[in-house]
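Q: Pasting in a structure now, in structure tokens, and then I'll have a few things to ask.
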Amino acid sequence: MKRILMYSLMIGWALTAYSQHVIELEETELTFVPSAKVIFEDYGNGNLRISEAYSNQFENNAIRFLKENFDIHEFLRLNRTENFDQVMVLFSSSRGSLKAQYDKNGELVKTFQKFRDLPLPKAVTEQVQHNYRNWSVVQNKYLATSRKDEIVKEKYVIHIQKGSMKDRLVITPKYDSRLGDIGLAQNKP
């Protein structure tokens, strides 16, 4: 018994001898500012493929990604052709695409977005879960059109399944200024 006590004291002493002192560091704030790289596959025809490393940025907010990472004036300078009134540029990733239409001065006129299997916004997810308990979302599509850089029409086409039953939902987010929140209009075509 004496030996066990002695060994445990020696081990305890050895372990405390190798312990480290706590060093408190100053608080640091980290920010992440990603800069995307656009791979120009078919630059002459206006088809631009987004690098997969930056596709999440593109899919989360395609119009902002377009404005921050694409220089239309440089594109127009490099692709001087005959007279034109508008230019259509297609940006694509593995999960969707954005068609952007510019006028001859390089101003964004309108866009069309189409993405599949993106994470649904919280309000849309809650609406589906509330109305369709025990159903699974099989796939979804996000469609949106905009004038300039403001989205004017958007909808989610959601395919759900429960056992052998299948259904298709079309959910259109609507902003209600009285509530200051998003209400969802739902219809099944």
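Q: Please list, in order along the range 84-99, the HN-Hα scalar couplings obtained from phi with the Karplus expression 6.51 cos²θ - 1.76 cosθ + 1.60 (θ = phi - 60°), rounded to whole Hz, x for Gly and Pro.
A: Here the 3J(HN,Hα) series is 8, 9, 9, 10, 10, 10, 10, 10, 9, 9, 5, 10, x, 8, 9, 9 Hz.
Q: Protein chains only, probe 1.4 Å: how do THR16, THR125 rank by accessible area, largest first?
A: The most accessible residue leads, giving THR16, THR125.
Q: State which entries of LYS67/LYS155; LYS67/LYS166; LYS122/LYS153; LYS67/LYS153; LYS104/LYS155; LYS67/LYS174 exceed 27 angstrom in Cα-Cα distance in the structure shown.
A: As for pairs spanning more than 27 Å Cα to Cα, those are LYS67/LYS166; LYS104/LYS155.
Q: While we're looking at this one, here's another question. Pop out the carbon and sulfur fraction of the accessible area of the range 107-154 as a percent, whole number, probe 1.4 Å.
A: The C+S portion of the solvent-accessible surface of the range 107-154 is 46 percent.
Q: Still on this model: To the nearest 10 Å², what's VAL157's accessible area with a 1.4 Å probe?
A: In the full protein context, VAL157 sits at about 10 Å².
Q: Further question: In debye, nearest 20, what is the charge dipole magnitude of the range 82-147 about its Cα centre with +1 on Lys and Arg Cβ and -1 on Asp and Glu Cβ, if you could check?
A: I would put it at about 340 debye.
Q: Using a 1.4 Å probe, how large is the accessible area of HIS130, given in Å² and rounded to the nearest 10?
A: Using a 1.4 Å probe on the heavy atoms, I get roughly 120 Å².
Q: I would also like to ask the following. Taking a spot 7 Å from the Cα of THR145 along the direction of its beta carbon, which residues of the range 102-136 have an amide N less than 15 Å from it?
A: 109-114
Q: Still on this structure: At a Förster radius of 30 Å, what calculated FRET efficiency corresponds to the Cβ-Cβ distance of LYS110 and ARG77, to the nearest 0.05?
A: Given R0 = 30 Å and the Cβ-Cβ separation, E is 0.85.
Q: Something else about it: Give, in nm to one decimal, the length gained when the segment between LEU118 and GLU154 is fully stretched (0.36 nm per residue of separation minus the Cα-Cα distance).
A: Contour length minus the Cα-Cα distance gives 11.6 nm.
Q: By accessible area of protein heavy atoms, probe 1.4 Å, what ranking do THR111, THR145 get, highest first?
A: THR145, THR111
Q: For LEU5 paired with ASN131, estimate the spin-label separation in nm (one decimal), with each label point 7 Å from Cα along the Cα-to-Cβ line.
A: 7.6 nm
Q: Right, here's the next one. Any chance you could tell me what percent of the C-alpha pair distances in the range 77-161 go past 23 Å?
A: 40 percent
Q: How much accessible surface does LYS141 have with a 1.4 Å probe, in Å² rounded to 10?
A: Number for this one is 80 Å².
Q: Dipole of the range 56-102 (Lys/Arg Cβ +1, Asp/Glu Cβ -1, origin at the Cα centre): which of ASN83, PHE70, SER94 lies farthest to the positive side?
A: SER94
Q: With a 1.4 Å probe and every protein chain left in place, work out the accessible area per residue of the range 53-128 in Å², rounded to a whole number.
A: 59 Å²
The values are calculated or read from the model by the stated rules, or taken from the named source; none is laboratory data. Remember, predicted model here, so these are calculated numbers, not experimental data. All Cβ positions, even for glycine, are placed from backbone atoms using ideal geometry, and neighbour counts span all protein chains on display. Just so you know, the surface numbers come from the protein's heavy atoms only, side chains and all, with ligands and any DNA or RNA stripped out. Shrake-Rupley method; radii C 1.70, N 1.55, O 1.52, S 1.80 Å.
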